[in-house]
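This report refers to the structure that appears directly beneath it.
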Amino acid sequence: MKYSPTKNYINGQFVDASSDKTIDVISPVDGTLLSRVPMSTSKDLDDAVAAAKKAFPLWSRTPIKERVQVFFKYKYLLEQHLKELAELCSEENGKTYGESVAEIEKCIELTEFATSLPQLITGEVLEVSRGVECRTEHAPLGVVASIVPFNFPSMVPNWTIPNAIALGNCMILKPSEKVPLSCGKIAQLLKEAGLPDGVFNIVNGDVAIVEAICDHPRIEAVSFVGSTKVAKIVYQRATSNYKRCLALGGAKNHLMVLPDAIPGMTAQNVVASMSGCAGQRCMAASAMVGVGNVDHIIEKICDEAKKIVPGENLGAVINKESQQRIEKYITEAEQQGAKILVDGRNAHVKGKEKGTYVGPTVIDFVTPEMSVATEEIFGPVISIMRTNTIDEALVIENKNPYGNAASVFTQNGGAARYIIDRASAGMIGVNVGVPVPREPFSFGGWNESKFGVGDITGKSSIEFWTKLKKSTTKWNPDAGVNWMS
């Protein structure tokens, strides 16, 4: 085992869980046993919540301009430890080192945004009547929880940690049991940055801890990122216990390619979108809709896909089960009459025979009812459907139950605007394969890609992590009394 057994992080200390049950943490890169993660119990969660509850009064009363000083230091530490964090991310998740570097760089950007929060939550004040003043202020919620997935071991935790904590909350983080190591390193850096004990806590575990978080009476809000199936369950369970909840689910993102699109640029963007992070991201392109004759572009897409080599510029998928599931989708499409233009099945990397890899896969002549056209594959696979008109393409996109992202590739501004107005997705790209907004613009989809109000990052996150306090004051005894006062 390369690393020590993973521990919970409660009240500023790494501590053993109350249960002896553990799960092996296996690197998808080469099958190495990295660590063992504990399956914590509700007692461990109670301990973490108690620590957070104890820390909350002092932390919440600390002025926000002082709270964000921790995140100025944390940002510096992320920069100093970038290489270490990226290597750890690659080991436990399987993505390439370059992709892991980009993930940590995004963590730095997210933290930078959190340092700007004092300028964004100044509140409002107005003299509503002579001598009578109304004011609004953002108040923290209390103890909050964040449940995060395996595909971005550092970035998704940092979607919530800097903003929620800078806004005065204390947090319980539940990492994916597949990739717990990066979150432990985050805890170390936050402590080094000066975050008081108890403000940030980690409780490892499986579904039992997720359920306990949703049920805990002293947790005020829950954020979740994962599959739509589980997002629905978490949202229903948390809100039934009268908590705020923002649950982000899966996606089936459509790229609409028009004949006038620039072939080389389009091909590079489509392939990067479908194969980046081995396709294991909710913003990956997994469905392409060609409008009219786009054979010349599809040919270039295949050429670009063949440049993506597992173990070199394509990382592993998270485990053997995922590998088998992805390859099953490809085989089913072939059996249903689709044409495999580039086949990523049976990928092997020399020297990493125990790794779990799927090569880039391009499937043409897919019909809208096929499973590869409707279900989230979460692998480096692009399914190509063909239509004659933009409206036909939009029918396919709009029928998709998800709504994270959609993109159009064209040089026609009118056509692009037409699609922007009609695509049923929260994030739209024009000649951009992965239309993730940069800070301060927020991340969040529509439809069955998101349950709850608001977005998880950017300015929109302020409303989720705070509640408004309204005060009305009157200090002028000479002011006349009227219906407003």
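The values are calculated or read from the model by the stated rules, or taken from the named source; none is laboratory data. All figures in this text were calculated on a predicted structure; none of them were measured in a lab. Here the Cβ positions follow ideal geometry from the backbone for every residue, glycine too, while neighbour counts run over all protein chains shown.
A compact table of results
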quantity	calculated
Odd one out for V128 among (1) part of a helix (DSSP H, G or I); (2) of a type in the set (A, V, I, L, M, F, W, C); (3) over 20 Å from G445 (Cα atoms)	(1)
Helices (runs of 4 or more DSSP H) contained entirely in region 66-124, each with at least 1 residues that are in the same structural domain as F464 (by TED's automatic domain parsing), under 30 Å from P380 (Cβ atoms) and at pLDDT 95 or above	82-93, 97-115
Test: K178 is in contact with a Pro (Cβ under 9 Å, 6 or more places away or on another chain) and either outside the structural domain of S27 (by TED's automatic domain parsing) or among the charged types (D, E, K, R) (or both)	yes
Subset tally (residues that are within 30 Å of I318 (Cβ to Cβ) and in contact with a strand residue (DSSP E or B) (Cβ under 7 Å, 6 or more places away or on another chain)) for region 378-423	15
Residue in region 188-203 that is under 23 Å from S90 (Cβ atoms), aliphatic (A, V, I, L, M) and not in a helix (DSSP H, G or I) present	yes
Of all residues in region 374-386 being not small (G, A, S) and not in a loop (DSSP other than H, G, I, E, B), the one that is surrounded by the most Cβ atoms within 10 Å (Cβ to Cβ)	I382
Strands (runs of 3 or more DSSP E) (entirely within region 387-485) containing at least 1 residues that are among the charged types (D, E, K, R) and touching an Asp or Glu at 6+ places or on another chain (Cβ under 6 Å)	466-474
V132 being buried (at least 24 other Cβ atoms within 10 Å of the Cβ) and either closer than 24 Å to L82 by Cα or touching a residue at least 12 places away in the same chain (Cβ under 8 Å) (or both)	no
Test result for L341, touching a residue at least 12 places away in the same chain (Cβ under 8 Å) and buried (at least 23 other Cβ atoms within 10 Å of the Cβ)	no
Single residue of region 135-164 satisfying the filter (hydrophobic (A, V, I, L, M, F, W, C) and over 18 Å from K243 (Cβ atoms)) that is surrounded by the most Cβ atoms within 10 Å (Cβ to Cβ)	V156
Test: residue in region 173-180 that is within 20 Å of R36 (Cα to Cα) and not in a loop (DSSP other than H, G, I, E, B)	yes
Enumeration of residues in region 419-439 that are crowded, with 17+ Cβ neighbours inside 10 Å and closer than 22 Å to N158 by Cβ	G426, M427, V434, P435, E439
Yes/no for S146 being under 14 Å from the mean Cα position of the chain (by Cα), on the phi < 0 side of the Ramachandran plot, assigned to a strand (DSSP E or B) and in contact (Cβ under 8 Å) with a residue 12 or more places away in the chain	yes
Condition check for E177: more than 24 Å from Q280 (Cα to Cα), at pLDDT 95 or above and either crowded, with 18+ Cβ neighbours inside 10 Å or more than 18 Å from the chain's Cα centre (by Cα) (or both)	no
Region 301-334: number of residues that are within 27 Å of the chain's Cα centre (by Cα) and not in a helix (DSSP H, G or I)	12
Test: T266 is at pLDDT 95 or above, out of contact with any Lys or Arg (no Cβ under 6 Å at 6 or more places or on another chain), assigned by TED's automatic domain parsing to the domain that holds N169 and of a type in the set (S, T, N, Q)	no
Top-ranked residue of region 453-475 - restricted to ones that are closer than 28 Å to V132 by Cα and in contact with a Ser or Thr (Cβ under 9 Å, 6 or more places away or on another chain), ranked as modelled with the lowest pLDDT	K474
Cross-chain or 6+ apart pairs with Cβ under 6 Å, region 205-219 first and on the phi > 0 side of the Ramachandran plot and in the same structural domain as T41 (by TED's automatic domain parsing), then among the aliphatic types (A, V, I, L, M) and surrounded by fewer than 21 Cβ atoms within 10 Å (Cβ to Cβ)	G205/M39
Qualifying residue in region 449-465 (condition: in contact (Cβ under 8 Å) with a residue 24 or more places away in the chain and within 30 Å of L258 (Cα to Cα))	yes
